[in-house]
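Asks: Sharing a structure, written as structure tokens. Questions coming.
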Amino acid sequence: MAQINFAPGVEDAGLPVMIADIIKGNLEAKPQRQGDFNALNGNIYMQAHDAEVDMTMVFEKGNLTVHSGKVGDPKISISTDSDTLLALANIDVKFGLPYYFDKVGFEVLKKLFLSRELKLAGLLTHPIMLTRFTKLMSCR
């Protein structure tokens, strides 16, 4: 089973706890995604600029530690508003891959490529890690 831990002081932070709870709930509801969780190895940094909150998720092959702020050298960095971060949980997964060709997916793509409201570093350099993380975040 997934080991999800919080670095000291993070238990009181709203967004990091919410994101960790989404991942934990998705793993409980969809145990077939445990393989994706176990395969993740590296840091993912997330920033919600409107809420002035940032966090780093340190994945170590079956373990996740959630930190406030930026920790280490993240392989993937996501920067946007808090609503868009939480909307990532609504991306559909079809045939084991994130599906961007519905209303939610198009909104994410539009914010990523057209309006630039969603900034994503690591899309081209770590696509497998990003795909696995997107599957963990998706409630669908």
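The values are calculated or read from the model by the stated rules, or taken from the named source; none is laboratory data. Just so we're clear, the structure is a prediction, and the values are computed from it rather than from any experiment. Note: ideal-geometry Cβ built from the backbone for every residue, glycine included; neighbour counts use all protein chains shown.
Asks: Just wondering, is there one or more residues in the range 28-41 that are basic (Lys, Arg), part of a loop (DSSP other than H, G, I, E, B) and more than 19 Å from residue 127 (Cβ to Cβ)?
Replies: Yes: the range 28-41 contains one or more residues that are basic (Lys, Arg), part of a loop (DSSP other than H, G, I, E, B) and more than 19 Å from residue 127 (Cβ to Cβ).
Yes or no, residue by residue, for (1) in contact (Cβ under 8 Å) with a residue 12 or more places away in the chain; (2) over 19 Å from residue 131 (Cα atoms); (3) basic (Lys, Arg):
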{"residue": "52", "(1), (2), (3)": "no, yes, no"}
{"residue": "64", "(1), (2), (3)": "yes, no, no"}
{"residue": "68", "(1), (2), (3)": "yes, yes, no"}
{"residue": "82", "(1), (2), (3)": "yes, yes, no"}
{"residue": "85", "(1), (2), (3)": "yes, no, no"}
{"residue": "92", "(1), (2), (3)": "yes, no, no"}
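Asks: So, in the range 78-98, exactly how many residues are buried (at least 19 other Cβ atoms within 10 Å of the Cβ) and either in a helix (DSSP H, G or I) or touching a strand residue (DSSP E or B) at 6+ places or on another chain (Cβ under 6 Å) (or both)?
Replies: Within the range 78-98, residues that are buried (at least 19 other Cβ atoms within 10 Å of the Cβ) and either in a helix (DSSP H, G or I) or touching a strand residue (DSSP E or B) at 6+ places or on another chain (Cβ under 6 Å) (or both) number 5.
Asks: Just one of (1) at pLDDT 95 or above; (2) touching a strand residue (DSSP E or B) at 6+ places or on another chain (Cβ under 8 Å) trips up residue 105, so point out which.
Replies: For residue 105, the failing item is (1).
Asks: If you don't mind, there's one more thing I want to ask. Is it fair to say residue 3 is in contact with an Asp or Glu (Cβ under 6 Å, 6 or more places away or on another chain), closer than 17 Å to residue 137 by Cα and not basic (Lys, Arg)?
Replies: no
Asks: Ok, one more. Tell me whether the range 51-58 contains one or more residues that are surrounded by 14 or more Cβ atoms within 10 Å (Cβ to Cβ), in contact with a Lys or Arg (Cβ under 7 Å, 6 or more places away or on another chain) and more than 16 Å from residue 137 (Cα to Cα).
Replies: The answer is yes, given that some residue of the range 51-58 is surrounded by 14 or more Cβ atoms within 10 Å (Cβ to Cβ), in contact with a Lys or Arg (Cβ under 7 Å, 6 or more places away or on another chain) and more than 16 Å from residue 137 (Cα to Cα).
Asks: Considering only the range 99-140, how many residues are in a loop (DSSP other than H, G, I, E, B) and either farther than 12 Å from residue 87 by Cβ or not small (Gly, Ala, Ser) (or both)?
Replies: Number satisfying all stated conditions: 14.
Asks: Follow-up question, since we're still on this one. Would you confirm, using the coordinates I've provided, whether residue 94 is at pLDDT below 90, over 12 Å from the mean Cα position of the chain (by Cα) and either farther than 20 Å from residue 125 by Cα or not charged (D, E, K, R) (or both)?
Replies: yes
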